[in-house]
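A short write-up of the structure that comes next.
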Amino acid sequence: MLRNGAKIAQMSASLTSPSRETVVLGIETSCDETAAAIVARSPDGRGRILANVVRSQWEQHRAFGGVVPEIAARAHVECLDTLISEALAAAGLGLADVDAIAATAGPGLIGGLIVGLVTGKALALALGKPLIAVNHLEAHALTAGLTDGLAPPYLLLLVSGGHTQLLLVEDVGRYRRLGSTIDDALGEAFDKTAKLLGLAMPGGPSVERAAVAGDAARFALPRPMLGRPEPHFSFAGLKTAVRQQALAAAPLTDRDVADLCASFQMAVVETVVDRTARAMALAEPALETSGAGSGDRALVVAGGVAANQAIRGALTRLAAARGFTFHAPPLALCGDNAAMIAWTGAERLARGLEGTADAPARPRWPLDSEAVPALGGDGLKGAKA
């Protein structure tokens, strides 16, 4: 009897024949979006999104000012099967037409992860198809391959509600972390700033909208870690500074809120640009050694915060100044979605990577497990993502 990894390698060889695409159903339930998607990968590595369905739960969490894990898990249970049916219908396919199932196995909220992963395992078992357990961070990291046809190696800035990292993407399954946040993720900083200022959730888009009408020079806020040799981030002190300025200006007018948002966003942009520039300098020798010459070096930004136009614009200019091409997903693929999960499953399947039909749900799952934590220590649940 073949071991599961060998079985998937054998199946992938037949699925990626020169005459047909590989079709993968993706399932994403790591936080508060329930998503299902169908992606097709051609033998030459090009991808097509056949369907991408995302249902947000935010209205169910709004009263609590943040995501409640138990509510999120129950909401996934209530609608996941419907979303899978919708995705198949949109693609004009049946389950029998799918070559493999890909489901997020981590990192994320454990209850939600279990819902999606168990659903994926059940479908794979019933259909006799491979199950690929996907790292949510890897899915963000590889999205540029689906949207832009970009192949590794490249430098990645991953910025979301739970993660802020700079990574050298060496290949599918091979990642080297250059820097990470020592406290809060950038998306969390946006959300907590919005909550402090009484803005609607999710906080990132609310802060960005308010900042458009604000004066970014009015409030003096710190630029954490600016100029440090290692490309780490820190946002806890910046949040505290926003709070102090808000208390000093209270009661806040609409003008005060707009100016605080603009000042906060400018501090974030300048910090992100500085940290990314440092990572570029560290990554350049490795990119050149791998064959990515001065005309092939690429900077990719992914994750929910990649939708912020001020950050995208600043990184576009930085990339041009440093001789890098710039790549960012379409706005619909910046946040959590299942198209990136399906694509990652297809990429791993095409390479015959180890089978994961018995994979557990993992609340923590770092892409680079050998990276030294910025502040040391991994915690009771293992290395942080």
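The values are calculated or read from the model by the stated rules, or taken from the named source; none is laboratory data. Owing to the predicted nature of the structure, the values given are computational and were not obtained by experimental measurement. Neighbour counts are summed over all protein chains in view; Cβ atoms, including those assigned to glycine, are modelled from backbone coordinates with ideal geometry.
Residues of region 154-169 being in contact with a Pro (Cβ under 7 Å, 6 or more places away or on another chain) and surrounded by 24 or more Cβ atoms within 10 Å (Cβ to Cβ), which ones? Passing the criteria: Leu166, Val169. Taken over region 23-60, the criterion of being under 22 Å from Ala200 (Cα atoms), of a type outside the set (S, T, N, Q) and over 21 Å from the mean Cα position of the chain (by Cα) is satisfied by Glu59 alone. Pairing each residue of region 354-377 that is over 18 Å from Asp183 (Cα atoms) with any residue that is at pLDDT below 90 and part of a loop (DSSP other than H, G, I, E, B), provided the two are 6+ apart or on different chains, yields C-beta distances under 7 Å for Ser369/Ala383. Residues to consider are Ala200, Ala210, Ala151, Ala141; find the one that is among the aliphatic types (A, V, I, L, M), touching a helix residue (DSSP H, G or I) at 6+ places or on another chain (Cβ under 9 Å) and surrounded by 24 or more Cβ atoms within 10 Å (Cβ to Cβ). Just a single option satisfies the conditions, and that option is Ala141.
Checking the stated criteria, Ala241 turns out not to satisfy the condition of being within 19 Å of Cys334 (Cβ to Cβ) and over 22 Å from the mean Cα position of the chain (by Cα). With respect to the stated conditions, Val53 fails to be over 24 Å from Leu353 (Cβ atoms), buried (at least 19 other Cβ atoms within 10 Å of the Cβ) and either of a type in the set (Lys, Arg) or touching a Ser or Thr at 6+ places or on another chain (Cβ under 6 Å) (or both). Considering region 306-333 alone, what residues qualify as being outside any helix (DSSP H, G or I) and either surrounded by fewer than 24 Cβ atoms within 10 Å (Cβ to Cβ) or touching a Cys at 6+ places or on another chain (Cβ under 8 Å) (or both)? Of everything in region 306-333, those that are outside any helix (DSSP H, G or I) and either surrounded by fewer than 24 Cβ atoms within 10 Å (Cβ to Cβ) or touching a Cys at 6+ places or on another chain (Cβ under 8 Å) (or both) turn out to be Gly323, Thr325, Phe326, His327, Ala328, Pro329, Pro330.
Residue count for region 226-275 satisfying the condition of being among the β-branched types (Val, Ile, Thr), surrounded by 19 or more Cβ atoms within 10 Å (Cβ to Cβ) and assigned to a loop (DSSP other than H, G, I, E, B): 0. Does Leu146 meet the test of being surrounded by 24 or more Cβ atoms within 10 Å (Cβ to Cβ) and closer than 27 Å to Arg46 by Cβ? For Leu146, the condition - surrounded by 24 or more Cβ atoms within 10 Å (Cβ to Cβ) and closer than 27 Å to Arg46 by Cβ - is met. Pairs are defined by a Cβ separation below 7 Å, a sequence spacing of at least 6 or placement on different chains, a first member in region 152-166 that is more than 21 Å from Arg322 (Cα to Cα) and of a type in the set (Asp, Glu), and a second member that is modelled with pLDDT under 95 and buried (at least 24 other Cβ atoms within 10 Å of the Cβ); no pair meets this definition. Looking at region 39-157, the helices (runs of 4 or more DSSP H) lying wholly inside it that each contain 1 or more residues that are at pLDDT 95 or above, closer than 30 Å to Ser290 by Cα and of a type in the set (Gly, Ala, Ser) sit at 136-148.
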